[in-house]
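Below is one structure, written out as structure tokens; the observations come after it.
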Amino acid sequence: MSFPDGFLWGTATAAHQIEGGNATSDWWEFEHRPGTPCLEPSGDACDSWHRWPEDLDLCAVLGFGTYRFSIEWSRIEPAEGEWSRAALDHYRRICDGCRERGLVPMVTFHHFTSPRWLAERGGWEAPDAPERFARFCQRAAAALGDLVGWACTINEPNVVALMGYVLGAFPPGVHDQDRRRRVDDALVRGHRLAVEALRSGPGSAPVGLTLSMSDYQALPGGEALADRLRHQSEDVYLQATGGDDFVGVQTYTRIRVGPDGMLGPEPGVPVTQMGYELWPEAVEATVRRAAAVSGLPVLVTETGVGTAEDGDRIAYFSRVLQGVRRCLDDGVDVGGLVAWSLLDNFEWTLGYQPTFGLVAVDRRTFERRPKPSAHWLGELARHGGGDLAG
Ligand code: BGC
């Protein structure tokens, strides 16, 4: 199975999940809070703050063409209005390091974590949070913009709002629908201002939002509820992407909805380490939907599977790629696929238990060991396709 020339093949990470010692972020505080829902703190993570050259080497040597990573706002602006040149230089070296290895740097400006000073002022509920975020984007773009290949404003704002303000599983750990709605508005505004800030240059990287999407499947009688859930969680954001250069789709599973609510996994369908169904076809469904609703070119900026069985990962990506190929055959503009994740890393509330990595990381020595899936997917990337499993 072949993919077009120019199709992007990449792997993704996020600062807090791999860097280690990210102590000025709201997540660090959340992990150490009495009664935290987190199974364990992030600690040293994968020590990528120091070992990033090894990560880039792996990504390039395996055969990928792009590396998606996030820059940590709380390191760059550790106190309000106080900017760390050293942190910006650090991320500039990573962008440079990508370019030197032939990797296109795809930079995310907010991946779940915010600085503690902002959290103390109300986080995304602080009236000026969107402006503060845009100011950070502008500073970061001034330092890195000429090297950035793709710019992602906010990673999964819908997850930030849902997990943080309804399910209480992300900071600030709140359960309140009304507050979630206000935070949705703030995140939409933050995205729009960030697009403007990032476009102020230097550089001319395409700018977009990366959204968590699921294939909502209504069972008889569940149609209205499925529509409502989908609208609340996805359309509110898709409708805010007008004028962007692309939309990033990040999909991990389907969600079945009956008349009384969301249903758990269907008997007989395998379940991942995350507790949801292994359902790779959800990527095809959401790519089609994101393209139709936004009218923008789509990139799959994340998909992957938390599993201890690496063979399942190969089967998962094979089915995902078959779905992406069907989209291309139907003329859907999907420009690439970025696998979550390069490394086994800190999976938020679930700590280091779920393993999404193409590469295993020894928790004591930080040694990286590529799994068979890393070589398999890297070969597909190198050749723009090949034999898919199954
Ligand atoms: C997030 C990642 C996370 C992954 C797997 C995505 O929602 O962007 O940070 O690790 O899913 O759960």
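The values are calculated or read from the model by the stated rules, or taken from the named source; none is laboratory data. Since the structure is predicted, the reported quantities are computational estimates derived from the model, not experimental observations. Here the Cβ positions follow ideal geometry from the backbone for every residue, glycine too, while neighbour counts run over all protein chains shown. Quick note on the areas: whole protein, heavy atoms, side chains included, nothing else; ligands and nucleic acids left out. Shrake-Rupley method; radii C 1.70, N 1.55, O 1.52, S 1.80 Å.
Can you spot a residue in region 102-111 that is surrounded by fewer than 18 Cβ atoms within 10 Å (Cβ to Cβ) and on the phi < 0 side of the Ramachandran plot?
Residues of region 102-111 surrounded by fewer than 18 Cβ atoms within 10 Å (Cβ to Cβ): 102.
Adding the requirement that they be on the phi < 0 side of the Ramachandran plot leaves none.
No; the residues of region 102-111 include none that is surrounded by fewer than 18 Cβ atoms within 10 Å (Cβ to Cβ) and on the phi < 0 side of the Ramachandran plot.
Can you list the strands (runs of 3 or more DSSP E) lying wholly within region 208-321 that have 3 or more residues being in contact (Cβ under 8 Å) with a residue 40 or more places away in the chain and open to solvent by less than 30 Å² (accessible area, probe 1.4 Å)? Before you say what the answer is, go through the steps one by one.
Numbers: elements: 246-258, 261-263, 298-303.
Answer list for region 208-321: 246-258, 298-303.
For region 322-343, residues that are within 27 Å of Arg51 (Cα to Cα) and not in a strand (DSSP E or B) total 2. If you take the residues in region 138-167 that are under 20 Å from Ser214 (Cα atoms) and away from the ligand (no atom under 15 Å from the Cβ), which one is surrounded by the fewest Cβ atoms within 10 Å (Cβ to Cβ)? Applying the filter and picking the extreme gives Val166. For first residues located in region 146-157 and under 17 Å from Phe136 (Cα atoms) and among the β-branched types (Val, Ile, Thr), partners that are more than 11 Å from the ligand (Cβ to nearest atom) and part of a loop (DSSP other than H, G, I, E, B) and lie 6+ apart or on another chain with Cβ distances below 8 Å form the pairs Val148/Gly203; Val148/Ala205.
Filter region 241-279 down to residues that are farther than 30 Å from Asp344 by Cα and over 18 Å from the mean Cα position of the chain (by Cα), then give me how many there are. I'd like the intermediate steps shown before the answer.
Residues of region 241-279 farther than 30 Å from Asp344 by Cα: 241-245, 257-261.
If we keep only those that are over 18 Å from the mean Cα position of the chain (by Cα) too, we end up with 242-243, 257-261.
Count: 7.
Scanning region 345-384 for residues that are touching a residue at least 40 places away in the same chain (Cβ under 8 Å), under 20 Å from Phe69 (Cβ atoms), within 16 Å of the ligand (Cβ to nearest atom) and in a loop (DSSP other than H, G, I, E, B) yields Asn345, Phe346, Glu347, Tyr352, Pro354, Thr355, Phe356, Leu358. Every listed requirement among (1) outside any helix (DSSP H, G or I); (2) under 19 Å from Thr210 (Cβ atoms) is met by Val174 save one, (2).
Would you check if Ser114 is surrounded by fewer than 18 Cβ atoms within 10 Å (Cβ to Cβ), among the hydroxyl-bearing types (Ser, Thr, Tyr) and over 30 Å from Gly63 (Cα atoms)? No; evaluated as a whole, the condition is false for this residue.
For region 70-98, the set of residues classified as under 17 Å from the mean Cα position of the chain (by Cα) and either over 19 Å from Ala142 (Cβ atoms) or part of a helix (DSSP H, G or I) (or both) consists of Trp73 only. How many residues are acidic (Asp, Glu) and touching a strand residue (DSSP E or B) at 6+ places or on another chain (Cβ under 6 Å) when one looks only at region 218-235? Going through region 218-235 one residue at a time, the tally reaches 1.
For region 329-343, filtered to residues that are among the small types (Gly, Ala, Ser) and within 16 Å of the ligand (Cβ to nearest atom), the residue that is surrounded by the fewest Cβ atoms within 10 Å (Cβ to Cβ) is Ser341. Across region 19-60, the qualifying residues are those that are among the aliphatic types (A, V, I, L, M), open to solvent by 10 Å² or more (accessible area, probe 1.4 Å) and touching a residue at least 40 places away in the same chain (Cβ under 8 Å), and the one among them that is farthest from the ligand (Cβ to nearest atom) is Ala60.
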